[in-house]
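A short reminder: the numbers here are calculations on the coordinates, not readings from a lab. The structure presented is a predicted model; accordingly, all values stated were derived computationally and were not measured. Methodologically, a virtual Cβ is constructed for each residue, glycine included, from the backbone with ideal geometry; neighbour enumeration extends over all protein chains shown.
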Amino acid sequence: MIVVDPDTLMRGDLVAAGRVMFDGWIEGQIICSRLEVGSDGYVLGNVAAKELFVAGQIVGTIVAEAVHLLKGAFVEGDVHHLTLSLDPTATLTGRAIRGRDLQMPPALLALEAKARANRANVEGFGERAAVAMSALA
């Protein structure tokens, strides 16, 4: 998990497999598995995620399977989604475009596949080590 606090200013793209909790300011795109933009978070750029929770602000296009615009959220741009939930106090200025054939960015799919493979290798190493240790006993 990556946590970005309110005192952080980033310029450039953030690409990560896994969960990102973002309360800072970024000028660039974010691509991750799960993104949580806190109430102090501001994103000036496009966002792609499987799950997106917004309490802060996003100015840019969003592509996400599940989008949750929480209390006080502000989004300026189009939202491409499979599911969308909108708090009554959230603001969306743009189009909400529901698409059954929503395409996640290849960079995210590749990162998630690599993370799964790495996790499997680590878990497999643990099992092999336990077998080796029991053989020594």
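Overview of results
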{"read-out": "DSSP loop trypsin sites (Lys or Arg not before Pro) with at most 15 other Cβ within 10 Å: longest gap in the chain", "value": "1-70"}
{"read-out": "Charge context of residue 90, other residues only, Cβ under 13 angstrom, K/R +1, D/E -1", "value": "-1"}
{"read-out": "Label point distance in nm, residue 27-residue 39, each placed 7 Å from Cα along Cα→Cβ", "value": "2.7"}
{"read-out": "Percentage relative contact order, region 40-127, counting C-alpha pairs under 8 Å, at least six apart", "value": "20"}
{"read-out": "Between 0 and 90°, nearest 10: helix 106-136 axis offset from the chain longest Cα axis", "value": "20"}
{"read-out": "Antiparallel %, DSSP beta bridges [both residues in the chain], to 5", "value": "0"}
{"read-out": "Residue among 99, 73, 31 farthest towards the positive dipole end of region 2-104, charges placed on Cβ", "value": "99"}
{"read-out": "More than 21 Å apart - percent of Cα-Cα pairs taken over the chain", "value": "44"}
{"read-out": "Theoretical ellipticity at 222 nm over the chain - DSSP helices of four or more residues, -39500 (n - 2.57) apiece, nearest 500", "value": "-8000 deg cm²/dmol"}
